[in-house]
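Structure, as structure tokens:
Any read-out appearing in this document is the output of simple, stated calculations on the displayed coordinates, not a laboratory observation. These numbers come from a predicted model, not from an experiment. Glycine also receives a Cβ, built like all others from the backbone with ideal geometry; neighbour counts cover every protein chain displayed.
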Amino acid sequence: MNTAAPMPSMPPGLPTLLKNARRIAVLTGAGMSAESGIPTFRGTRNGLWARFDPTELATPGAFLRDPPLVWAWYAWRTQVVTRAQPNAGHRALAQLVRRPGVERVSVVTQNVDDLHERAGSEDVVHLHGSLFTPRCFDCGLPHRMEDAESAPWSAEPVERLEPPRCVRCGGRIRPGVVWFGEALPQGPWRRAMAAVTEADLLLVVGTSGVVQPAAGLADLARDRGRPVVVINPDAMAGMAPGDVHWRATAAQALPLLLRTCSAAEQEDQRRP
Ligand code: BV8
Ligand code: ZN
């Protein structure tokens, strides 16, 4: 996404929405990490896995059919994330909670990378798990990756990589992500629903709004009459009537959103 593109101006009503927001919830998707060089989900059809549909590879069935193929795909994605850095959008979200008047910023992410945390966000809910919490497919025991087991970070991606074995039952180790057809972990789901329900403003950043039940969280806010601001360069992605749409990228819009917050405060302080 060419961030040099002219910066779409901030939707007129947004500064006021920001000024009145005390508890902000932010639902993020793959677009949030695109400017960090992480391919969006639809974009993970990378060379070696180009002939596979990601929504098929990311299933228990695919892992059972061909564990080395699926493990290698996740090893490559983990390699890409480990080499990447949080972008200006991640950093702005991490600083937003420090704005006077802002009590809470809850990040609810569909992403399995760790860029929100590496940017300094402390209140992060991973709806679809993480690349960094592998566990046993059979007994569920969390698995500590020995260096030797991880794809050497310098190496070119390989199409097949045998997953390590569980130290307790010898079962195969699987990535700690939520696959299609698998229920979302209850704890994170409940925290996400609470964060969105209690928020007085919902930002929806970089998601196509296709995958359920995550996409339904925005409806939770809309049904409560909470303002929903969609930040996505794509005209239609994740939008619903009444939403404020900012057709900008995450790294373009979020730093400006943060600056607007601070400007509003100074304004207040100046006012007698
Ligand atoms: C379940 C982890 C049941 C793995 C993921 C209702 C209707 C229809 C279907 C369903 C339904 N309910 C359930 C389903 C089935 C399914 C589903 O939703 N299918 C879709 C395809 C229709 N849902 C499930 O299977 C869920 N489980 O329902 O279980 C159940 C219940 C009880 C008991 C047993 C079972 C589980 C879903 C989770 C799957 N795991 N990820 C992995 O990553 O490998 S989903 C994965 O795909 C991501 O986590 C993310 O959620 C999704 C990708 O979407 P986005 O993040 O939005 O990314 P995308 O590429 O699509 O779009 C990027 C956007 O960013 C674009 O709009 C683009 O314009 C924008 N953009 C690009 N650059 C930028 C940008 N924006 C800003 N800045 C930029 N620079
Ligand atoms: Zn095991």
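At a glance:
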| item | result |
| --- | --- |
| Overall form of segment 120-272 per C-alpha gyration tensor (a/c, 1.5; a/b vs b/c) | prolate |
| ³J(HN,Hα) computed for each position of segment 126-143 - Karplus, 6.51 cos²θ - 1.76 cosθ + 1.60, integer Hz, glycine/proline x | 9, 5, 10, x, 9, 6, 10, 10, x, 8, 6, 5, 8, 10, x, 4, x, 10 |
| Radius 13 Å from Cβ of ARG168, net charge of other residues (Lys, Arg +1; Asp, Glu -1) | +3 |
| Within a Gaussian network of the chain (alpha carbon springs, distance under 10 Å), most fluctuating of PRO241, PRO100, PRO60 | PRO241 |
| The chain, helix-only ellipticity at 222 nm - DSSP H runs n ≥ 4, -39,500 (n - 2.57), divided by all residues, nearest 500 | -9500 deg cm²/dmol |
| Counted charge near SER121, where neighbours are those whose Cβ lies closer than 12 Å (Asp, Glu -1; Lys, Arg +1) | 0 |
| Scaled radius of gyration (Cα, divided by 2.2 N^0.38 Å) that the chain gives | 1.06 |
| Fully extended contour minus Cα-Cα distance, from ARG98 to THR55, at 0.36 nm per residue | 11.7 nm |
| Antiparallel DSSP beta bridges within the chain, as percent of all bridges there, nearest 5 | 20 percent |
| Nearest-0.05 FRET efficiency for THR133 and ARG224, computed from C-beta distance (R0 30 Å) | 0.40 |
| Computed FRET value (nearest 0.05) for GLU162 with ALA240, which takes r as the C-beta separation and R₀ as 41 Å | 0.35 |
| Size of electric dipole in the chain: Cβ of Lys, Arg +1 and of Asp, Glu -1, about Cα centre, debye, nearest 20 | 400 debye |
| Charge dipole of the chain about the Cα centre (unit charges at C-beta), most positive-ward option of HIS126, PRO60, GLY140 | HIS126 |
| FRET efficiency, 1/(1 + (r/R0)^6) with R0 25 Å, evaluated for GLU198 and THR260 via beta carbons | 0.60 |
